[in-house]
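Presented below is the structure to which this report refers.
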Amino acid sequence: MKYSNATYIAQTRYWLENVVLKHNLCPFAHKPFKGGQIRYVVTDSARPEFLLEDLQQELEHLRTTLVDEVETTLLIHPNTLVDFLDYNDFLDIVDALLAEEGYEGEFQVASFHPDYQFADTQLDDAENYTNRSPWPMLHLIREDSLEKAVASYPDVDAIPERNIQTMNTLGKRHHQQVLEASLQQEEEPS
């Protein structure tokens, strides 16, 4: 089903609020969310090469925008790389782009997908939901911002293990319900 860009964004915001922020999966996400510094971009790219162009365009946008205005970007791409294995392979191309175009050390890209699966897990393992989102998306992160956040957070190394425990405690059924609820969200009124 195809939605308006505003609906894709509303669905993503619902997921961000009810998964990432509510369960503190990324303790660094609260500040830009509350400050309105997250840029949500929906691309209608239907092919990976076009998505790569959109990614580079968004990296340039971040590079030329003050951090006080936009801290981070969620590039939502519902029409391409819907198969997780294709998406996962594409992440190598993203890493190559960062290196080739001089973005390494300035930006990094985190990955989210409806069928996300970590290595050495089963498809149905609840811990996969730390990176399962309503739509495939790339999260563009400023390295400087991340370094500052990490420096001020106690025991950053414990975050992944805590997240796994949280997801496993909540269970697969809970996570599926939240993702389904996110897809029920509609365009937010202006």
Within the stretch 37-54, does at least one residue satisfy the condition of being closer than 18 Å to LYS148 by Cα and at pLDDT 95 or above? yes
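Among the hydrophobic types (A, V, I, L, M, F, W, C) and in contact with a Phe, Trp or Tyr (Cβ under 7 Å, 6 or more places away or on another chain): does that describe LEU51? If you could, list the steps in order and put the result at the bottom.
On the way: among the hydrophobic types (A, V, I, L, M, F, W, C): yes; in contact with a Phe, Trp or Tyr (Cβ under 7 Å, 6 or more places away or on another chain): no.
Answer is no for this residue.
Of the residues that make up the stretch 145-154, is at least one acidic (Asp, Glu), closer than 23 Å to LEU74 by Cα and surrounded by 12 or more Cβ atoms within 10 Å (Cβ to Cβ)? Before the answer, list the steps.
At the first step, the residues of the stretch 145-154 found to be acidic (Asp, Glu) are 147.
With closer than 23 Å to LEU74 by Cα added as a condition, the list becomes 147.
Subsequent filtering for residues that are surrounded by 12 or more Cβ atoms within 10 Å (Cβ to Cβ) retains none.
No, there is no match, as no residue in the stretch 145-154 is acidic (Asp, Glu), closer than 23 Å to LEU74 by Cα and surrounded by 12 or more Cβ atoms within 10 Å (Cβ to Cβ).
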If we ask which residues in the stretch 157-173 are exposed (fewer than 14 other Cβ atoms within 10 Å of the Cβ) and not in a loop (DSSP other than H, G, I, E, B), their number turns out to be 8
Give just the number: which of (1) more than 17 Å from the chain's Cα centre (by Cα); (2) touching a residue at least 40 places away in the same chain (Cβ under 8 Å); (3) within 29 Å of LEU183 (Cα to Cα) does ILE76 not satisfy? (1)
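To keep it simple, each residue is scored yes or no on (1) under 16 Å from the mean Cα position of the chain (by Cα); (2) farther than 16 Å from GLN11 by Cα; (3) among the hydrophobic types (A, V, I, L, M, F, W, C).
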site	(1), (2), (3)
LEU97	no, yes, yes
GLU101	no, yes, no
LEU123	no, yes, yes
ASN128	yes, yes, no
ILE159	no, yes, yes
LYS172	no, yes, no
GLU187	no, no, no
Kindly indicate whether any position in the stretch 132-139 is farther than 21 Å from VAL70 by Cα, in contact with a Gly (Cβ under 9 Å, 6 or more places away or on another chain) and surrounded by 12 or more Cβ atoms within 10 Å (Cβ to Cβ). no
Name the single residue, out of those in the stretch 175-190 being in contact with a helix residue (DSSP H, G or I) (Cβ under 8 Å, 6 or more places away or on another chain) and assigned to a helix (DSSP H, G or I), that is nearest to ALA126 (Cα to Cα). HIS175
Cβ-Cβ under 7 Å pairs, at least 6 apart or on other chains, the stretch 4-25 side β-branched (Val, Ile, Thr), far side in a helix (DSSP H, G or I): VAL19/VAL178
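Inspect all residues belonging to the stretch 86-96 and state whether any of them is within 23 Å of GLN37 (Cβ to Cβ), of a type in the set (S, T, N, Q) and free of Cβ contacts under 8 Å to residues at least 60 places away in the same chain. Spell out how you get there, then give the answer.
Going through the stretch 86-96, the residues within 23 Å of GLN37 (Cβ to Cβ) turn out to be 94.
Remaining after also requiring of a type in the set (S, T, N, Q): none.
Within the stretch 86-96 (the criterion being within 23 Å of GLN37 (Cβ to Cβ), of a type in the set (S, T, N, Q) and free of Cβ contacts under 8 Å to residues at least 60 places away in the same chain), the answer is no, since none of the residues qualifies.
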Which residue pairs have Cβ atoms under 6 Å apart, sit 6 or more places apart or on different chains, and have a first residue in the stretch 49-65 that is without any contact (Cβ under 8 Å) to a residue 24 or more places away in the chain and a second that is surrounded by 14 or more Cβ atoms within 10 Å (Cβ to Cβ) and assigned to a loop (DSSP other than H, G, I, E, B)? ASP54/THR43; ASP54/SER45
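Conditions tested, residue by residue: (1) closer than 22 Å to VAL67 by Cα; (2) crowded, with 17+ Cβ neighbours inside 10 Å.
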{"position": "THR12", "(1), (2)": "yes, yes"}
{"position": "TRP15", "(1), (2)": "no, yes"}
{"position": "VAL20", "(1), (2)": "yes, yes"}
{"position": "CYS26", "(1), (2)": "yes, yes"}
{"position": "HIS30", "(1), (2)": "yes, no"}
{"position": "GLY36", "(1), (2)": "yes, no"}
{"position": "VAL42", "(1), (2)": "yes, yes"}
{"position": "SER45", "(1), (2)": "no, yes"}
{"position": "GLU49", "(1), (2)": "no, no"}
So how many residues does the stretch 48-90 have that are touching a strand residue (DSSP E or B) at 6+ places or on another chain (Cβ under 7 Å), over 11 Å from MET137 (Cα atoms) and of a type in the set (A, V, I, L, M, F, W, C)? 4
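Is it true that GLU58 is of a type in the set (D, E, K, R), within 22 Å of ALA149 (Cβ to Cβ) and crowded, with 18+ Cβ neighbours inside 10 Å? Spell out how you get there, then give the answer.
Values: of a type in the set (D, E, K, R): yes; within 22 Å of ALA149 (Cβ to Cβ): yes; crowded, with 18+ Cβ neighbours inside 10 Å: yes.
So GLU58 passes the test.
The values are calculated or read from the model by the stated rules, or taken from the named source; none is laboratory data. Given the structure is predicted, the values throughout are model-derived calculations rather than measurements. Positions of Cβ are backbone-derived with ideal geometry, glycine not excepted, and every protein chain shown enters the neighbour counts.
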